[in-house]
Amino acid sequence: MINSTFLDKIAQILIEKYSAELVNTIVVLPNKRAKIFLIEALKKQVPNTILAPNVISVEDFIQDVASIRAVDPIELLFEFYEVYLSVTEKGSQQSFELFANWAKTLLQDFNEIDRYLLDPTHVLSYLKDIEDIKRWGIEVENKTKLLENYIDFWKLLPHYYQSLYQHLLNKGIGYQGLIYREAVENLNHFSNSITGKQFVFAGFNALNASEEKIIQHLIANDQAKIYWDSDKTFLNDPYHDAGLFLRRFKENWKHYKSNPFEWIVDDFSQTKNIQIIGTAKSIGQAKISGSIIEKIIDDNPMTSLDKVAIVLGEENLLVPLLYSLPSTVGALNITMGYSGKNNPAQILIAKLFKMHTNALSRNAKSYVLYYKDVLDILTHPLVEPYAQTTALVDVINKNNYTFISHQKMMELNANPTDLFALLFQKWEDGSIAVLQTVSRLLLTIKNNLNNDNEEEKITKAFVFAIFKIINKLINYYSKHQHIDKIETLHAIYKQVIDLAEVSFEGEPLNGLQIMGVLESRVLDFETVIVTSMNEGKFPAGKSQNSFIPYDVKRELGLPTFKEKDAIYTYHFYHLLQRAKNIYLLYNTESEGLDAGEKSRFITQLEVEKQPNHNLSHEIYNAILPETAYKPMIIEKSPAVMGRLKKIAEEGFSPSALTSYIRNPIQFYFQKILRIREVEEVEENIALNTLGTIIHETLLALYTPFIGKFISESDIENCFKLIDAEVLKQFKIVYKEGEIKKGRNLLAFEVAKRNVFNFLKVELESIKEGDAIKIIALEQTFQRELKHRDLPFPVLIKGNVDRIEERNGNIRIIDYKTGKVDKANVTLKTWNGLTQELKNDKIIQVLAYAFMYENEANGKPIEAGIISFKNLKSGFLPFNFKEDKDVQQMINDEMMANYLEQIVLLLKEILYETIPFEEKV
């Protein structure tokens, strides 16, 4: 166990030095979270009930000194926009969405200027001078209006700052930097007003100029003490960034010229087991973290996990980690911020904005919804289980609804739930009405969630975070009603959601601790698991989200990435300082979205290895099988054999036979298990749908001629009916799909052109003297195949597109919308006919010939294909080419050879001992 944590030592000091005045003692810590741990540490050290000291965070302390309320980032953005409009000429004013793009960065710079007590006019004028110098080379006559506006923007910065500062002061609110500056201004008054109070500052590392000034002032007045948590390993090393700030304070503060620097400990050099683990991607780190926790529990089932912390270097790892933890983890405490962008409730609202803004932009009067937007909403995990819309989703998919009017949507779901009604309520009454609808929607979703389910409790936190944002927007919109376009509301929502964060706060004293890096301040754990130990993640890397250049920051004493790195370094080493078992996880991948090289902190631990540290380095890879994929093999059970016998009785179609040749497993899924493809909206007409439309159109045009010889005038009449018939078939086959726009309109024209060209070829044949009599169209034929090698008779059954008598011969025709040429229906040897998929068209047309043979009454039969993509070749008959001899008419010998090959195929399908084996 950890012998003595930093908070234990603070508790001890409070009891020893302040016990008589604990009620008048105020302990200031870097964050709120440490308060409960300090109170717990005090409890352990006092036998009797006492009045606890007041424990507050440094942010609350500074607000008390300044007597100003902190404004949240969203409210600040709106307040700044109000100021911006008041001080900017009307012709130069930008919309809120454009303004927000640069205002967030500028507010960060204002914040830094104030926290470090710099002269804002000097700094902001400096920036304007830099921009002027950059453009010295541009002649006056060449300066464009855009360039002048750009220079004017920099000139206005001091004015923006002063106006915003005064505006916020008048309201008694402020951003962090303003509060710090005002706290320094109010310091003497505050110091005089707290007689009898004693402040204890504990666990700080980096302090800004305001904090330094305030703390030093109180120490000088004998109203405060400060206790650092510094380890001599870092403090005494002049190059170690973990001690950068503490070394500065120790050397520069007047107090330490005559007083000791408290405390300097020697904990880091003690015995530690440090395991450095590399693995692929974020999900790998989540899985390994779960495995480590499982091992800790397995090794000691009675162990408490409250001395174990998982520190996430990347917040995105939270959800995968929760799914990776073993079920044996009892209590769980998540204390960290989670970005609004990745919030599932936010994703739903973003989809909602997309659906409604698209509907309004498409046609505000008829309010037409796009099916993908609708399905995105209905299948969202916060909606699908509760909206009762499974039947509606099926109807949309089945009927090919691409664009659905709002009225039609309501008709399709006649008994909507409250959730459905709120999701699809029209957004026509302005921004506040929209926000109120979204607010009610989020409340409805929250009420659907179960409080007893740990997963749903976390989801509730996500929903509540967005609910708060929406209600804040309602409040701000009620004050700024001139911003009332839905598009603008969407843009504002996208801006403010970046500033929103889900705060998880659990029961800190109980169970496994999951936290972000900042939440780990002041706390000590026995076992620490740190994830995302990659450059750019931990430490965060160089981010220049500022208008103030690096060299200017250096000159003015503002923190740069060097100082930010030092803060990360301190946090990292503080996590390790008193820990006994440490696991450092990093991503080994050097490519991809979350790639990166190993963190320099890991390298530093290896290079500067302490004698008592046991370091091990492992790479964990996913277990890869020797073969990437093993083909599926399915033995034929009695149930499968029963189903095969049933198919043999009902009829094997030629397409079923070719399906088996293509892949026996595909045949198994489709014919044995009867698994159909999931029905989806066909937004653009697929080739098979186009083929169906052409088939059905030709069927409708030719049906009147069944049993008759076709004349030229018959075909001439058909030409007149093409447009109406193709349109009719489109509506039957494609249902509610959109056919008058885009690719579908082109497909519609292609269908008409194919039918027209087919009739044209037919007309030319008749003119050349062909006598064509239609015998059958789209008719089903069947014939039983009996053979000694088959376990039972097999019915061959199929639908033939067209059978005609042409000049005394029977011609069996199969239509193909794809391209087929002569080689596809030419065979050189019967051996292996059913072994290769390239023979699929031959197998099909000869099956039709076999089925019709008894009906032909001895007339010669030819069977073949008409390809709509190769109409110039006309009818492509099956032909057997042996040496130079080409046979086109199907004779008994051909049919016997064909059936011999089909029997071989059917034996493979029907014999119990031959399994279905996947083709790869």
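Bear in mind that the values in this text are calculations on the coordinates, not laboratory data. Not measured: the values here are computed from a predicted model. Cβ coordinates were reconstructed from backbone atoms using ideal geometry, including for glycine residues, and neighbour counts include every protein chain displayed.
So if I place +1 on the C-beta of Lys and Arg and -1 on the C-beta of Asp and Glu, and nothing else carries charge, what would the dipole magnitude of the chain be about its Cα centre? I want it in debye, nearest 20.
Details: 105 positive and 121 negative charges, 152 e Å.
It comes to approximately 740 debye.
Label the stretch 791-920 by shape, choosing from rounded, prolate and oblate, from the square roots a ≥ b ≥ c of the eigenvalues of the Cα gyration tensor; if a/c is under 1.5 it is rounded, and otherwise prolate applies when a/b is larger than b/c, oblate when it is not. Provide the component values of the computation, followed by the final result.
Numbers: a/c = 1.67, a/b = 1.41, b/c = 1.19.
It comes out prolate by the Cα gyration axes.
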message = I need the Debye-formula profile for the stretch 365-414: one equal scatterer per C-alpha, no solvent, reported as log10 I(q)/I(0) at q = 0.22, 0.27, 0.30, 0.32 1/Å, two decimals.
response = -0.79, -1.14, -1.30, -1.37
key: Long pairs among LYS767/LYS859; LYS287/LYS341; LYS43/LYS580; LYS341/LYS485; LYS9/LYS225; LYS728/LYS872, criterion Cα-Cα beyond 18 Å   = LYS767/LYS859; LYS287/LYS341; LYS43/LYS580; LYS341/LYS485; LYS728/LYS872
task = Would you please give the residues with an amide H less than 5 Å from that of VAL55, counting only those at least 5 places away or on a separate chain, with H modeled from the backbone geometry?
result = VAL27
key: Overall form of the stretch 638-917 per C-alpha gyration tensor (a/c, 1.5; a/b vs b/c)   = oblate
request  = Determine, for LEU615, LEU178, the number of other Cβ atoms within 10 Å of each Cβ, and report the residues in order from fewest to most.
outcome  = LEU615, LEU178
inquiry  = Can you give me the distance in nm between label points at TRP830 and GLU784, each placed 7 Å from the Cα along the Cα-to-Cβ direction?
reply    = 2.4 nm
message = For the pair ASN453/LYS731, report the inter-label distance in nm, with labels modelled 7 Å from Cα in the Cβ direction.
response = 4.5 nm
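If you stretched the chain out fully between ARG753 and GLU40, how much longer would it get, using 0.36 nm times the residue separation minus the C-alpha to C-alpha distance? Display every interim value, and only then the final one.
Numbers: separation 713, 0.36 × 713 = 256.68 nm, distance 8.33 nm.
In short, 248.3 nm is gained.
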request  = Quickly work out the HIS167-to-TRP263 label distance, labels modelled 7 Å from Cα along the C-beta direction, and quote it in nm with one decimal.
outcome  = 4.8 nm
remark   = Charge dipole of the chain built from unit charges on the beta carbon (Lys, Arg +1; Asp, Glu -1), centred at mean Cα; most positive-end Cα among THR25, PHE730, SER546 is PHE730
note = Computed over the stretch 1-80, the distribution of all Cα-Cα distances in 5 Å bins, rounded to whole %, is 3, 13, 20, 20, 15, 9, 7, 5, 5, 2, 0
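Which value, in debye to the nearest 20, describes the size of the charge dipole of the stretch 638-917 about its Cα centre when Lys and Arg Cβ atoms bear +1, Asp and Glu Cβ atoms bear -1, and nothing else is charged? Walk me through the numbers on the way to the answer.
Details: 39 positive and 42 negative charges, 80 e Å.
Magnitude of the dipole: close to 380 debye.
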note = Measuring from the longest principal axis of the C-alpha atoms of the chain, the long axis of helix 486-497 (C-alpha) lies at a number of degrees, nearest 10, equal to 50 degrees
Fraction of beta bridges assigned by DSSP in the stretch 638-917 that are antiparallel (%, nearest 5) = 70 percent
message = Taking every DSSP beta bridge with both residues inside the chain, roughly what % is antiparallel (nearest 5)?
response = 40 percent
query = Could you give the dipole magnitude of the stretch 344-499 about its Cα centre, charging the beta-carbon of Lys and Arg +1 and that of Asp and Glu -1, in debye to the nearest 20?
reply = 440 debye
note = Residues of the stretch 783-809 with backbone N under 20 Å of the label point set 7 Å from the Cα of TYR911 along Cα→Cβ are 785-795
key: Derived scalar couplings ³J(HN,Hα) [the stretch 780-788; Karplus, 6.51 cos²θ - 1.76 cosθ + 1.60; whole Hz; x for Gly, Pro]   = 8, 10, 8, 7, 7, 10, 10, 7, 4
Quotient of C-alpha Rg and 2.2 N^0.38 Å, computed over the chain = 1.33
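Which value at 222 nm does the chain reach when only helices count, each DSSP H run of 4 or more adding -39,500 (n - 2.57), with the total divided by all residues and rounded to the nearest 500 deg cm²/dmol? List each step's numbers first, then the result.
Values: 34 runs with 444 residues, N = 920.
That comes out to -15500 deg cm²/dmol.
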ask   = What angle do you read, to the nearest 10 degrees and between 0 and 90, between the alpha-carbon axis of helix 96-115 and the longest principal axis of the chain?
value = 30 degrees
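Please give the contour-minus-distance gain from SER405 to GLU626: 0.36 nm per residue of separation, less the Cα-Cα distance, rounded to one decimal in nm. Write down the numbers at each step before the final one.
Values: separation 221, 0.36 × 221 = 79.56 nm, distance 5.39 nm.
That pair, SER405 and GLU626, stretches by 74.2 nm at full extension.
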query = For SER713 and ASP222 in the same chain, what is the full-extension length gain: residue separation times 0.36 nm, less their Cα-Cα distance, in nm?
reply = 165.3 nm
note = Percent relative contact order for the chain, counting Cα pairs under 8 Å at least six residues apart, stands at 13 percent
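Suppose a student asked you for the relative contact order of the stretch 638-917, using Cα pairs under 8 Å spaced at least 6 residues apart; what percent would you report? Before the final figure, lay out the partial values.
Working: 409 pairs, mean separation 56.8, N = 280.
With pairs under 8 Å counted, the relative contact order is 20 percent.
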inquiry  = In whole Hz and in residue order, list the ³J(HN,Hα) couplings for the stretch 743-748 that follow from phi through the Karplus curve 6.51 cos²θ - 1.76 cosθ + 1.60, θ = phi - 60°; x for Gly and Pro.
reply    = 5, 5, 5, 5, 4, 4
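Taking all pairs of distinct Cα atoms, average 1/r, flip it, and tell me the Kirkwood hydrodynamic radius of the stretch 330-451 in Å to one decimal place. Each step should come with its number before you reach the end.
Values: mean 1/r = 0.0645 Å⁻¹.
Final number for the Kirkwood radius of the stretch 330-451 is 15.5 Å.
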message = If you average the C-alpha positions of the stretch 827-880 and of the stretch 1-32 separately, how far apart do those two centres end up, in angstrom?
response = 93 Å
query = Normalised by the residues of the stretch 368-418, what does the relative contact order come to in percent, with Cα pairs under 8 Å and at least six apart?
reply = 50 percent
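Taking Cα atoms of the stretch 725-780, Rg/Rh with Kirkwood Rh, to two decimals?
Taking Rg over the Kirkwood Rh, I get 1.12.
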note = Between GLU262 and residues 5 or more places away or on another chain, the pairs with built amide H atoms under 5 Å apart involve TRP228
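What is the calculated FRET efficiency for LEU443 to ILE706, with r their C-beta to C-beta distance and R₀ = 60 Å, to the nearest 0.05? Working shown, then result.
Numbers: r = 65 Å, r/R0 = 1.08.
Taking R0 as 60 Å, the efficiency between LEU443 and ILE706 is 0.40.
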key: Charge-dipole axis of the chain as Lys and Arg at +1 and Asp and Glu at -1 on Cβ define it, positive-most pick from GLY798, PHE525, SER339   = GLY798
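Sorted from fewest to most neighbouring beta carbons within 10 Å, what does the list TYR570, TYR126 look like? Can you show the working numbers first?
On the way: TYR570 24, TYR126 16.
Lowest count first: TYR126, TYR570.
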